[in-house]
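See below for the structure under consideration.
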Amino acid sequence: MKIITISGAHKGVGKTALACKILKSLKDFGAIKTTVSKENISVTSKEEAIEAPGKDTALLKEAGAEKVVLVSSPRKDLGWALKVALGMVSGCKGVIIEGTSVLDYIKPDVAVMIKAEGKRIKESAKRVLKKVDLIISSNEFDKAVKFVKKRIR
């Protein structure tokens, strides 16, 4: 299974928008949305959690993800939670994982980071910069889609 990660140098930079654009150009791919929480671990693909209107997971599903999994976990448990989530999408040809801290735990086939002009890079993004294959600005999504498709073929 091919693994693509979409990370952000800061919040609100367009990770979900890029993941959706890539999903629309690939067939049989799943998606994993990760968030770092303070205490509880949750890994779910339940329809009521995934298809809630206005949620990033609903957008990923609408973009064509075959299966969508939502992971919420403290950073220290993220590696374990990712293994569970990856098992849940194992029937897919590949998966797009949205989140920056995931690069501390997995080595994807392609890692893309989005950075907005003039904004300061968050610490979790600085920590994983060497693991990223492509850094783009939020107006270079087409470039990222071409890059990803070329790398996973």
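Bear in mind that the values in this text are calculations on the coordinates, not laboratory data. No experiment lies behind these values; they were computed from the predicted model shown. Here Cβ is always computed from backbone atoms with ideal geometry, including for glycine, and neighbour counts include all displayed protein chains.
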Notebook entry, point to check: Once label points are set 7 Å from the Cα along Cα→Cβ at both Lys150 and Asp28, what is their separation, rounded to one decimal in nm?
Noted result: 2.5
Note to self: Computed from the coordinates I sent, Cα extents along the principal axes in Å equals one of [x] 49, 27, 27; [y] 40, 34, 34; [z] 37, 34, 29. Tell me the label.
What the structure shows: [z]
Note to self: Suppose a student asked you for the relative contact order of the chain, using Cα pairs under 8 Å spaced at least 6 residues apart; what percent would you report?
What the structure shows: 36
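Find how much the distance from Glu123 to Val84 grows on full extension, using 0.36 nm per residue of separation minus their present alpha carbon separation; answer in nm with one decimal.
Details: separation 39, 0.36 × 39 = 14.04 nm, distance 2.58 nm.
Fully extending the segment from Glu123 to Val84 adds 11.5 nm.
Give the percent of DSSP beta bridges with both residues in the stretch 2-152 that are antiparallel, rounded to the nearest 5. All intermediate terms of the calculation are to be shown ahead of the outcome.
Values: 3 of 27 bridges.
DSSP beta bridges in the stretch 2-152 are roughly 10 percent antiparallel.
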Check: So who's got an amide H within less than 5 Å of the one on Lys67, skipping anything under 5 residues away but keeping other chains? H placed 1.01 Å off N, in plane.
Finding: Gly30, Ala31
